[in-house]
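K.L.:
Pasting a structure below so you can have a look.
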Amino acid sequence: MRFDILTIFPDMFEAYISTGVLGRAVENGLVEIGITNIRDFAFDRHRTTDDRPYGGGDGMVMKAGPIHRALNSLESTEGGREVVLLSPRGKRFDQEAAWDLARFDHLVFICGRYEGVDERIRLSCAEREISIGDFILSGGELGALVIVDAVSRLIPGVLGGERSNREDSFEEGLLEYPQYTRPKDFMGMEVPEVLLSGDHERIRKWRRRKALEKTLQDRPDMLSKARLTGEDEVILADLKQES
């Protein structure tokens with residue numbers, strides 16, 4: 001899968017895309033990441049990529065021309081591509097959106113800055129507009145990295161373990177159960193006995209109960225959309241009674 005990121009700050013990406021899971025995916029040829037400097041497509045002496053907004057107001061707006069030319073400079077792919085504009089006005093990104101984006105062979109991210117991007121870029125170039133949350137960042141670069149990381153994890157072979165991404169938080173509409181590793185005792189806090197029992201069915205039930213408990217406690221809004229079994233409903237009723 002290929003990711004292309006259009007930005008005026010290309011140096012922000014090098015460390016992250018060359019380390020960890022994403023770095024290994026690139027090294028193994030499972031993921032390609034291209035960084036395009038929008039300033040290279042601003043042809044005035046100062047390589048200007050922004051200007052004052054029509055109608056007045058504070059701040060600057062990113063110009064359509066350099067972004068459009070940067071986008072057109074990218075090579076087309078056989079499987080087609082999806083162009084994503086990172087914006088606080090966009091649809092909020094979640095795990096379902098990550099799976100949807102993972103269907104494509106080529107994703108292009110336009111990283112806005114300042115007061116945003118000329119609306120004509122959204123109208124003429126972007127297939128979708130995405131926000132990573134209900135807060136304001138200085139630009140779309142961090143949002144692009146978040147999405148690239150989340151989508152890359154869904155590509156076969158990137159995580160190694162066949163079940164790894166299926167057991168992450170949000171995959172079944174629930175937060176993940178708690179995890180433990182060595183040592184058995186840390187500052188007087190011991191690993192739950194069930195995890196040491198070797199009884200896989202008991203462990204499965206404990207983990208499911210803990211996932212439901214965590215979700216009920218911290219993100220009860222998720223339960224209305226979660227894929228719950230009859231067993232889950234019984235556990236939830238019990239948890240609600242306990243609380």
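The values are calculated or read from the model by the stated rules, or taken from the named source; none is laboratory data. Note that the structure is predicted; figures quoted are calculated from it, not measured. Cβ coordinates were reconstructed from backbone atoms using ideal geometry, including for glycine residues, and neighbour counts include every protein chain displayed.
Listed here are the residues, each with its yes/no results for (1) part of a strand (DSSP E or B); (2) assigned by TED's automatic domain parsing to the domain that holds Gly139; (3) touching a strand residue (DSSP E or B) at 6+ places or on another chain (Cβ under 9 Å); (4) within 18 Å of Gly140 (Cα to Cα).
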| site | (1), (2), (3), (4) |
| --- | --- |
| Val26 | no, yes, yes, no |
| Gly34 | yes, yes, yes, yes |
| Leu71 | no, yes, yes, yes |
| Val108 | yes, yes, yes, yes |
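K.L.:
So is Ile67 assigned to a strand (DSSP E or B) and not hydroxyl-bearing (Ser, Thr, Tyr) or not?
P.N.:
In short, no.
K.L.:
I need the full set of residues from region 36-52 which are of a type in the set (Ser, Thr, Tyr) and part of a loop (DSSP other than H, G, I, E, B), in order please.
P.N.:
Thr48, Thr49
K.L.:
Those residues that are surrounded by 19 or more Cβ atoms within 10 Å (Cβ to Cβ) and in contact (Cβ under 8 Å) with a residue 60 or more places away in the chain, I need them from region 51-72; list them, please.
P.N.:
Matches in region 51-72: Ile67, Ala70, Leu71.
The rows are residues; the columns are (1) outside the structural domain of Gly29 (by TED's automatic domain parsing); (2) assigned to a loop (DSSP other than H, G, I, E, B); (3) in contact with a Leu (Cβ under 9 Å, 6 or more places away or on another chain); (4) buried (at least 17 other Cβ atoms within 10 Å of the Cβ).
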{"position": "Glu129", "(1), (2), (3), (4)": "no, no, yes, yes"}
{"position": "Ile136", "(1), (2), (3), (4)": "no, yes, no, no"}
{"position": "Gly160", "(1), (2), (3), (4)": "yes, yes, no, no"}
{"position": "Gly173", "(1), (2), (3), (4)": "yes, yes, yes, yes"}
{"position": "Arg182", "(1), (2), (3), (4)": "yes, yes, no, no"}
{"position": "Gly198", "(1), (2), (3), (4)": "yes, yes, no, no"}
{"position": "Arg208", "(1), (2), (3), (4)": "yes, no, yes, yes"}
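K.L.:
So Ala226 clears everything in (1) out of contact with any helix residue (DSSP H, G or I) (no Cβ under 8 Å at 6 or more places or on another chain); (2) in a loop (DSSP other than H, G, I, E, B) except one condition, right? Which one?
P.N.:
So Ala226 meets the others, but not (1).
K.L.:
I would also like to ask the following. Test Gln217 against the criterion of being within 16 Å of Glu176 (Cα to Cα) and assigned to a helix (DSSP H, G or I), and give yes or no.
P.N.:
Taking the combined requirement at face value, the residue satisfies it.
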